[in-house]
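Notes for the one structure printed next.
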Amino acid sequence: MLRSSLGFHTLSLLLHLEKKETSQLIAHFKKYSHDTGLLQMYITDGRKYSEYTGKLSLHIKYNGVDRGIKWVIKRNSQQLDFKSYLIEATLNPKILAGISDYITAATYDDMEAAINKFDTISQEISPLLGVFNRYIIKRIDYCINFSVDELAPGCTPKQIMTLIRRADVPPHYKEWDEYNNVAHRTKSSPNSFYLMTPFVTINCYDKYAKLQERTRQNEEQGYPPIPQTTLDAAQGIIRFEVQCKYHKMYDLSRKKAPGNCNVNKYEDLLAHYTCTDIISDYFNKVVGKGDWHTLHDAIRIIESQHFNKQKEKRLIDALRLVNYCRSIAKAKNAFKDDELKNFKKTLKDLSSLNINPVTIPKWWGIKHIPNLLYAYSDKSQEETSRKKGEEFMMECVEEYFHK
């Protein structure tokens, strides 16, 4: 079974409530918390819940063990009269469905159990929470988990992240950074590549390194560390995720499910083809379609095509510039207007040769690393063929013994 996986890992749902309903719902949450001791209720600034005034958001989650669901109650900022409120439910479908797996991506097949559990929990707490099909989808975090050992044997996650952090930054995106007290300047995390717009966030990171950091934060705040089994499962995993926010979800629902009249259209938005389309689109925009090569081997591939001298020089110069700048995005900053258009055309030409403009450092001793997305697709097809072959053999055996 593959450790690499494609799908999604988090959903955020929204339900509109009137002011009177909101007061009743909070009372139901409070009673359920008092009767069971299972819930923790606190205001946005961290204060324990006593009385909700509506000025700050009310957060509700399970004590201790993560059950795959948490809630936020807040004012509807779109309504100036403050008579409308929102209940936002954030779900981890696999955990909600009872599958203790924080690493493998969820798929549409997990949703039936997750929805049944969501509806059961909601009705136990309050009828005002409704059922899954009453909510609209505010956000989906689509993702693909790349197992480096499976897809790029001989490489380390740190090496893969080094190459990905030298990838492109599409127009209108900004790379996240924060002030570093040691460097005395803003820096991005060495273990992630985090790009933001108001509509979509792209985040690629070393899953093991991220969980290690979360464990450190938990210990500092007095919370339990991440279980060792979860850390072990995250070893060698690079996650590429695309967080589609409310306006992007609205646009997607119109494109992917134009004839679907359901409120949240989850059947189309969580279908395998949608997950694949979203991940492929943004991975190609940022990381690129080509394989990674050393600068020497990439130049050799270009020279073997016997282009005219002008085109050959243009392609090789682009490779050398990206190598010098150590980033496609930084190399693009060297151009404006028509020169930038020509440089982007050159990047497409390199892609058509299966060459990623980011090249492998010579001292790594690695000449070639396949495009992770295409490597995953190949492995996935092999796994599907293997399973079909095994099923066919089992059918033949059963048929033989039933004769």
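The values are calculated or read from the model by the stated rules, or taken from the named source; none is laboratory data. Quick caveat: nothing in here was measured; it's all calculated off a predicted structure. Here Cβ is always computed from backbone atoms with ideal geometry, including for glycine, and neighbour counts include all displayed protein chains. Please note that ligands, DNA and RNA were not included when accessible areas were found on the heavy atoms of the full protein model with its side chains. Shrake-Rupley method; radii C 1.70, N 1.55, O 1.52, S 1.80 Å.
For the list (1) charged (D, E, K, R); (2) at pLDDT 90 or above; (3) over 30 Å from Asp277 (Cβ atoms), I need the number of the one condition that Arg239 fails.
Against the list (1) charged (D, E, K, R); (2) at pLDDT 90 or above; (3) over 30 Å from Asp277 (Cβ atoms), Arg239 comes up short only on (3).
Looking only at residues in segment 255-271 that are open to solvent by 40 Å² or more (accessible area, probe 1.4 Å) and either in a loop (DSSP other than H, G, I, E, B) or without any contact (Cβ under 8 Å) to a residue 60 or more places away in the chain (or both), which one is nearest to Ala375 (Cα to Cα)?
Lys256
Consider Leu252 carefully, then state whether it is surrounded by 21 or more Cβ atoms within 10 Å (Cβ to Cβ) and over 30 Å from Ile369 (Cβ atoms).
No: the conditions fail for Leu252.
Among Ile238, Ile202, Ile226, which is part of a loop (DSSP other than H, G, I, E, B) and of a type in the set (A, V, I, L, M, F, W, C)?
Being part of a loop (DSSP other than H, G, I, E, B) and of a type in the set (A, V, I, L, M, F, W, C) holds for just one of Ile238, Ile202, Ile226, which is Ile226.
Take the residues in segment 180-204 that are touching a helix residue (DSSP H, G or I) at 6+ places or on another chain (Cβ under 8 Å) and open to solvent by 60 Å² or more (accessible area, probe 1.4 Å), then tell me which one is modelled with the lowest pLDDT.
Here the residue is Pro190.
Pull out all pairs, ordered by first then second residue, where Cβ-Cβ is under 7 Å, the residues are six or more apart or on different chains, the first lies in segment 154-165 and is under 20 Å from Leu319 (Cβ atoms), and the second is surrounded by fewer than 18 Cβ atoms within 10 Å (Cβ to Cβ) and at pLDDT 95 or above.
Note: pairs meeting the criteria are Gln159/Trp364.
If I go through segment 126-151 residue by residue, how many of them are over 17 Å from Leu373 (Cβ atoms), open to solvent by 10 Å² or more (accessible area, probe 1.4 Å) and in a helix (DSSP H, G or I)?
4
Among (1) under 16 Å from Ile164 (Cα atoms); (2) part of a helix (DSSP H, G or I); (3) open to solvent by less than 60 Å² (accessible area, probe 1.4 Å), which single condition is Phe343 missing?
Failed condition: (1).
Look through Ile115, Ile103 and report the one residue that is in contact (Cβ under 8 Å) with a residue 12 or more places away in the chain and closer than 23 Å to Thr201 by Cβ.
One residue alone meets the criteria, Ile103.
Given the residues Ala209, Ala233, Ala257, which is the only one that is closer than 19 Å to Val65 by Cα and small (Gly, Ala, Ser)?
Among Ala209, Ala233, Ala257, only Ala233 is closer than 19 Å to Val65 by Cα and small (Gly, Ala, Ser).
I want to confirm something. Restricting to segment 278-316 and keeping residues that are under 30 Å from Thr107 (Cβ atoms) and among the charged types (D, E, K, R), which single residue is least open to solvent (accessible area, probe 1.4 Å)?
Result: Asp291.
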